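Have a look at the structure below before the remarks.
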Amino acid sequence: MTAPTTTAARKGGRWIEQWDPEDETFWREKGERIATRNLVFSILSEHIGFSIWSLWSVMVLFMGPEYGVDAAGKFFLVAMPTLVGGILRVPYTFAVARFGGRNWTIISAATLLVPAIAAAVVMEPGTSYTTFMVVAALTGVGGGNFASSMTNINSFYPLRKKGWALGLNAGGGNIGVPVIQLIGLLVIGTAGAAHPRLVLAVYLPLIVVAAALSALFMDNLAPVRNDSGAAREAARDAHTWIVSLLYIGTFGSFIGYSFAFGLVLQNQFDRTPLQAASLTFIGPLLGSLIRPVGGRLADTRGGAKITLWTFAAMAAATLVVVYASAQKSLPVFLTGFIALFALSGLGNGATFKMIPGIFRAKALARGLKGEEAASYGRRLSGAAMGLIGAVGALGGLGINLVFRESFASAHSGTPAFVSFLAFYAVCSAVTWAVYLRGARPAPAPSAAAEPGMHDPRPERQPAYADV
């Protein structure tokens, strides 16, 4: 078990001095209960964070002609939070070790009040476009919450449970996107498109509740320390950037489509704000709900295998969308587009589960054993998650910018979907070439190794068959 770590500055708070989730006795008697409690309130805070991050995908539906913002301007508005959120994911990752997971959850949740209040103040005709852009950028703090939340929960769970736990954490957070879109639909359908501030009236008290519950029920892990060396090592590792590319294809698709769906329906199929709002929540909801399933499948069948099949299926769904877009068939378009959402959610869970598996495999290949290998894997995977999450979020920015260019030049989303199809083909090829081509089967367990994690041959090359 990890040796106790005690500092005067950390006495008296909700700090856990010993934490070894890989020890099955510790996990059964104490660890699982504590980890589950922290997971529940982490999900709540991250859920509110995602809702605020995607706030402007809802606000643009309230922005009629009187606001003076055209379609291209609206795509920029929904792209700005993605850019800021992606950048903030890097410092948010390391804030957990600097301040403690509980402490940073309180801070990051409370910070959501700033963009929520700002949006409530400026949402009215006559506000300058620059002001809207600045306020939209502020909502990027909600995107940063994902990185700190995932890094924190990654530290609480053993490797054998990470896919399911991280999938639940991320999926519960992702649901914040369709929930705020449903609230927007409710407001438009009952009060009308002239009352966007009602959406903020719902979220302001929820933010306070999330911060308060985090303070009451979450914990900090003292053994988790800031480790700039881990960040540098993760940044130098090629797998960090390879998985980042794959995460652009899965999470970048999810968040980019979530933010752009309503605008695509309005501009390509001439839907009214109410008609668009009545459809936009469906895809993000399915993608969020299925993310834990992707993590569970990755736990049992391997993240790389599930990721590969997901990209193949996403390419097929994109072909359906391209056909429907060219034929202007809304029913076929919705079928293909909603399938893309569901598949991106499945891929999110599978791809993120690859991260701890890859670094654990590298630890064992280096000859590390037991808790030493587990500690190395947690250290590197925690640092890599922030970088990978940041790059994946920036994929959402790319999707909105591609949509903007597509509608500006061709007055259709078809060229954008063709480019997405090509990208999914690239992701499929990379997944197969790096993690599945010639992958060795897991060796039999030995006293010096855990099943399925490394090849005991002298060259000690990492085996990714079970990643």
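The values are calculated or read from the model by the stated rules, or taken from the named source; none is laboratory data. Since the structure is predicted, the reported quantities are computational estimates derived from the model, not experimental observations. With ideal geometry, Cβ positions are generated from the backbone for all residues, glycine too; neighbour counts draw on all protein chains shown. The area values use the complete protein model at the heavy-atom level, side chains included, leaving out ligands, DNA and RNA. Shrake-Rupley method; radii C 1.70, N 1.55, O 1.52, S 1.80 Å.
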(message) Any residue in the stretch 325-352 that is in contact (Cβ under 8 Å) with a residue 24 or more places away in the chain sitting within a Cβ distance under 7 Å of a residue that is surrounded by 24 or more Cβ atoms within 10 Å (Cβ to Cβ) and part of a loop (DSSP other than H, G, I, E, B)? List the pairs, counting only those 6 or more apart or interchain.
(response) Ser325/Gly413
(request) Please find, within the stretch 1-47, the residue that is farthest from Arg291 (Cα to Cα) out of those that are among the aliphatic types (A, V, I, L, M) and either at pLDDT 95 or above or in contact with a Gly (Cβ under 8 Å, 6 or more places away or on another chain) (or both). (result) Ile34
(request) Within the stretch 25-35, work out how many residues are surrounded by 13 or more Cβ atoms within 10 Å (Cβ to Cβ) and under 29 Å from the mean Cα position of the chain (by Cα). (result) 6
(message) Can you confirm whether Ile242 is hydrophobic (A, V, I, L, M, F, W, C) and crowded, with 24+ Cβ neighbours inside 10 Å?
(response) no
(request) Please determine, by comparing only the residues of the stretch 44-66 that are touching a residue at least 60 places away in the same chain (Cβ under 8 Å) and either surrounded by fewer than 20 Cβ atoms within 10 Å (Cβ to Cβ) or charged (D, E, K, R) (or both), which one is nearest to Ala193 (Cα to Cα). (result) Gly64
(request) Might you let me know whether the stretch 322-341 holds any residue that is under 24 Å from Ser244 (Cβ atoms) and either within 20 Å of the chain's Cα centre (by Cα) or not hydroxyl-bearing (Ser, Thr, Tyr) (or both)? (result) yes
(request) Only one of these is in contact with an Asp or Glu (Cβ under 9 Å, 6 or more places away or on another chain), farther than 24 Å from Asn145 by Cβ and open to solvent by less than 30 Å² (accessible area, probe 1.4 Å): Leu340, Leu380, Leu364. Name it. (result) Leu364
(request) Could you please find all residues in the stretch 283-317 being out of contact with any Gly (no Cβ under 7 Å at 6 or more places or on another chain), at pLDDT below 90 and basic (Lys, Arg)? (result) Arg301
(request) Could you check the stretch 83-183 for helices (runs of 4 or more DSSP H) lying wholly inside it with 2 or more residues that are touching a residue at least 60 places away in the same chain (Cβ under 8 Å) and open to solvent by 40 Å² or more (accessible area, probe 1.4 Å)? (result) 101-111, 113-122, 159-174
(message) Among the listed residues Val320, Val332, identify the single one that is assigned to a helix (DSSP H, G or I), open to solvent by 10 Å² or more (accessible area, probe 1.4 Å) and touching a Gly at 6+ places or on another chain (Cβ under 6 Å).
(response) Val320
(message) Restricting to the stretch 67-82, count the residues that are without any contact (Cβ under 8 Å) to a residue 12 or more places away in the chain and aliphatic (A, V, I, L, M).
(response) 0
(request) Would you check which residues across the stretch 214-237 are farther than 21 Å from Phe94 by Cβ and open to solvent by 50 Å² or more (accessible area, probe 1.4 Å) and list them? (result) Leu216, Phe217
(request) Being among the hydrophobic types (A, V, I, L, M, F, W, C) and open to solvent by less than 60 Å² (accessible area, probe 1.4 Å) is the filter; apply it to the stretch 261-278 and report the residue that is modelled with the lowest pLDDT. (result) Ala277
(request) Provide a single number: the residues in the stretch 185-200 that are assigned to a helix (DSSP H, G or I) and either touching a strand residue (DSSP E or B) at 6+ places or on another chain (Cβ under 7 Å) or surrounded by 14 or more Cβ atoms within 10 Å (Cβ to Cβ) (or both). (result) 8
